[in-house]
1. When you check S280 against the structure, is it surrounded by 21 or more Cβ atoms within 10 Å (Cβ to Cβ) and hydroxyl-bearing (S, T, Y), yes or no?
2. For V216, only one of the following conditions fails: (1) touching a Pro at 6+ places or on another chain (Cβ under 6 Å); (2) within 30 Å of L62 (Cβ to Cβ). What is its number?
3. Being within 15 Å of A72 (Cα to Cα), of a type in the set (A, V, I, L, M) and in contact with a helix residue (DSSP H, G or I) (Cβ under 7 Å, 6 or more places away or on another chain) is the filter here; which residues of the range 283-322 pass it?
4. Among the residues of the range 154-203, count how many are within 30 Å of A56 (Cβ to Cβ), without any contact (Cβ under 8 Å) to a residue 60 or more places away in the chain and of a type outside the set (A, V, I, L, M, F, W, C).
5. Taking the criterion of being open to solvent by less than 20 Å² (accessible area, probe 1.4 Å) and in contact with a Leu (Cβ under 6 Å, 6 or more places away or on another chain), would at least one residue in the range 97-105 satisfy it?
6. Here is a check on your reading of the model: is A212 modelled with pLDDT of 95 or more, surrounded by fewer than 21 Cβ atoms within 10 Å (Cβ to Cβ) and more than 13 Å from V319 (Cα to Cα)?
7. Being out of contact with any Gly (no Cβ under 8 Å at 6 or more places or on another chain) and either open to solvent by less than 70 Å² (accessible area, probe 1.4 Å) or not hydrophobic (A, V, I, L, M, F, W, C) (or both) is the requirement here; does F166 meet it?
8. Does the range 154-161 contain at least one residue that is polar (S, T, N, Q) and open to solvent by less than 50 Å² (accessible area, probe 1.4 Å)?
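The values are calculated or read from the model by the stated rules, or taken from the named source; none is laboratory data. Note that the structure is predicted; figures quoted are calculated from it, not measured. Methodologically, a virtual Cβ is constructed for each residue, glycine included, from the backbone with ideal geometry; neighbour enumeration extends over all protein chains shown. Please note that ligands, DNA and RNA were not included when accessible areas were found on the heavy atoms of the full protein model with its side chains. Shrake-Rupley method; radii C 1.70, N 1.55, O 1.52, S 1.80 Å.
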Amino acid sequence: MSLLSPPTLAVGGRLRGLGAAQPDSVLSGEVLGSRVGRSAEWIETRTGIRELRALAAGESLLDLATQAAADAVRDAGPSTARIDLVIAATCSNRDGQVPLAPELGRVFAPDAATLDLNAACSGFCYSVAAADALIRSGSARRVLVVAAEHMTGLVDPSDLGTSIIFGDGAGAAVLDAAGDGDVHIGPVAWGSDGSQAELIAIPEHCQSLTMAGQQVFRWAVDEVRHVATQACANAGVTPAEIDVFVPHQANARIVDALTTQLGLEHATIARDITISGNTSAASIPIALTKLLRDGSAKPGQLALLVGFGAGLTYAAQVVRLP
């Protein structure tokens, strides 16, 4: 058969299972505020954060990622298709030079292809889009996506702009081919603006993450709604048809602003930022897993996922919940 005449492509992917894991160690607003001379009330008013979670000494990013992956695999249930691709989304893997995905593959799929992907806070959306495309092309059948971040390892505890915001966590998803012929993952809307990369970065002279909070806030509020609107259009739905809205948990005020701008007040809104902080790529799968587990979101509903952050990168897609 000629390569110019490929066989009929497989149907697209679907979310089969979700999972999450977070450290046991909790940093309260009082503890966070004591480091930078602010009160817990001051932090919550400006960020929406009451507490966040952080890896303790002796705990690793791989431990957290493995827990989330195992949770998602359990949730997906038995399948005749074994995992043949593992994608790890992370921007904070400082535990060594070994990529995270092969370590996860060793546990869950020893002979699978593996890929580490760094799109910062957009990493989960980028990974879901890649997994869906590879399933659709026939290059993969069952994909494990794990978004795991050790963000507290990147920040200076005395830096007001980052230390009160970023937390640690991992979220995961199992995707496989949709057997019903329906589209379960809408076409991704994504892009980047490298001209503003310095707004969230680790400068050459510094070992810690820096962030221009006000500029990032304005960028997110002004620009991110456009990619969310495009994702709905790509999927052939209107915002009124969205049941669940899961934006990156960057800041409660950003979540509220995007909800209003998109007219999504009727939807179930993820606000895990309050108790988890900003966990970068992990924030969307953690929040989505919690909404499904506590019954706030229901299987079969339409969810709008929107990631945005360092790079500056952004991505959004509409998915049907497993």
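1. On the way: surrounded by 21 or more Cβ atoms within 10 Å (Cβ to Cβ): yes; hydroxyl-bearing (S, T, Y): yes.
Here the answer is yes, as S280 does meet what is asked.
2. With (1) touching a Pro at 6+ places or on another chain (Cβ under 6 Å); (2) within 30 Å of L62 (Cβ to Cβ) applied to V216, the lone miss is (1).
3. Residues satisfying the conditions are I284, I286, L321.
4. 4
5. Residues of the range 97-105 that are open to solvent by less than 20 Å² (accessible area, probe 1.4 Å), as a first pass: 100-101, 104-105.
Then keep just the ones that are in contact with a Leu (Cβ under 6 Å, 6 or more places away or on another chain); that gives 101.
Scanning the range 97-105, I find at least one residue that is open to solvent by less than 20 Å² (accessible area, probe 1.4 Å) and in contact with a Leu (Cβ under 6 Å, 6 or more places away or on another chain), so the answer is yes.
6. Working: modelled with pLDDT of 95 or more: no; surrounded by fewer than 21 Cβ atoms within 10 Å (Cβ to Cβ): yes; more than 13 Å from V319 (Cα to Cα): yes.
Judged against the criteria, A212 is not a match.
7. Numbers: out of contact with any Gly (no Cβ under 8 Å at 6 or more places or on another chain): no; either open to solvent by less than 70 Å² (accessible area, probe 1.4 Å) or not hydrophobic (A, V, I, L, M, F, W, C) (or both): yes.
No.
8. No; the residues of the range 154-161 include none that is polar (S, T, N, Q) and open to solvent by less than 50 Å² (accessible area, probe 1.4 Å).
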